[in-house]
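Please treat every number below as a calculation from the coordinates, not as lab data. The shown structure was predicted, so the numbers you read here are calculated from the model rather than taken from an experiment. Cβ sites come from the backbone with ideal geometry, for glycine too, and all protein chains shown count toward neighbours.
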Amino acid sequence: MKNNDELVLDIIKGNSKSLTAYEILNKVQKFKKTQPMSVYRALKNLQSQGKIHKSNQNKSFLLCNENDH
């Protein structure tokens, strides 16, 4: 089974629009029982790795383009 970071990243990659943390949580919970804190931790890890970024406009997360960094 994938760890939370991989699962969250796959969910973000699989969506054409940005997702809020709770939208991501709902999608993760279709695969495994997960607490909100686990999703927030995965989001923070992925942000620090430069794989995703957070839109301050609507508090949603999206995949980083290579041009973003």
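The one condition from (1) in a helix (DSSP H, G or I); (2) surrounded by fewer than 17 Cβ atoms within 10 Å (Cβ to Cβ) that L9 does not meet is (2).
Among the residues making up the stretch 24-69, those that are hydrophobic (A, V, I, L, M, F, W, C) and closer than 19 Å to K2 by Cβ are I24, L25, V28, F31, M37, V39, A42, L43, L46, I52, F61, L63. For Y40, the criteria (1) within 9 Å of the chain's Cα centre (by Cα); (2) under 16 Å from N65 (Cα atoms) hold in every case but one, which is (2).
Yes or no, residue by residue, for (1) part of a helix (DSSP H, G or I); (2) buried (at least 16 other Cβ atoms within 10 Å of the Cβ); (3) among the acidic types (D, E):
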| site | (1), (2), (3) |
| --- | --- |
| S16 | no, no, no |
| Y22 | yes, no, no |
| N26 | yes, no, no |
| K30 | no, no, no |
| Y40 | yes, no, no |
| N45 | yes, yes, no |
| Q57 | no, no, no |
| F61 | no, yes, no |
